[in-house]
Every structure is written in C-alpha cells, then in structure tokens.
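To start, the structure itself, in structure tokens.
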Amino acid sequence: MLVTYIGENSSLQTYGFRFQKDKPVEVKDKKVLDKLKARDDFKIHEAEKPSQQKGSTNTPAPEGGALDADVGEGQTAE
C-alpha cells in the first residue's frame, strides 16, 4: 500500500522507511501500516498504484531520437 508523509518536515525516517514530504512510498508490512494509519502526518492510499500526474508519460523516446514538431512525417531531406 502507498503511504505519503504530509507532515511539517521535508522528510522523516521512521519504522525503517524514509518518507519525503508529498512523495508516496510503498509499505507492505501490515504492522507498520497500522502504526502509520494512527498518525495524523501520514496519508494511506487505498489504491495499489498512484495515478499518473498530468503531463507525465511512461513512453520511451523513439530509437531515432526526439520528435521535432516542426518536421512533419514524410518530408525528405533536401
């Protein structure tokens, strides 16, 4: 399950995990999850995977390099 630290500090190390503010960390240990649920400075995400942020993709760049918006497909070099 994913856990996000939402406290005052920029990061916190507890129960063997390093939590950075507003960055989800996967925690599989049920005992640790139960302890974190009891704390107000942690948010437990019920979903297995975080939703992708707007504008981010996991698509790799094509082998030929980056795409250039100014060059259309089908144009040949002169």
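The values are calculated or read from the model by the stated rules, or taken from the named source; none is laboratory data. This one's a predicted model, so the numbers in the text were calculated from it and none came from an experiment. Neighbour counts run over all protein chains shown; Cβ positions are idealised from the backbone, glycine included. The area values use the complete protein model at the heavy-atom level, side chains included, leaving out ligands, DNA and RNA. Shrake-Rupley method; radii C 1.70, N 1.55, O 1.52, S 1.80 Å.
Here is how the numbers come out for the structure above:
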item: Residue in the stretch 5-35 that is nearest to H45 (Cα to Cα), counting only those that are open to solvent by less than 40 Å² (accessible area, probe 1.4 Å) and aromatic (F, W, Y); result: Y5
item: Verdict on S56 being touching a strand residue (DSSP E or B) at 6+ places or on another chain (Cβ under 6 Å), surrounded by fewer than 11 Cβ atoms within 10 Å (Cβ to Cβ) and either hydroxyl-bearing (S, T, Y) or modelled with pLDDT of 55 or more (or both); result: no
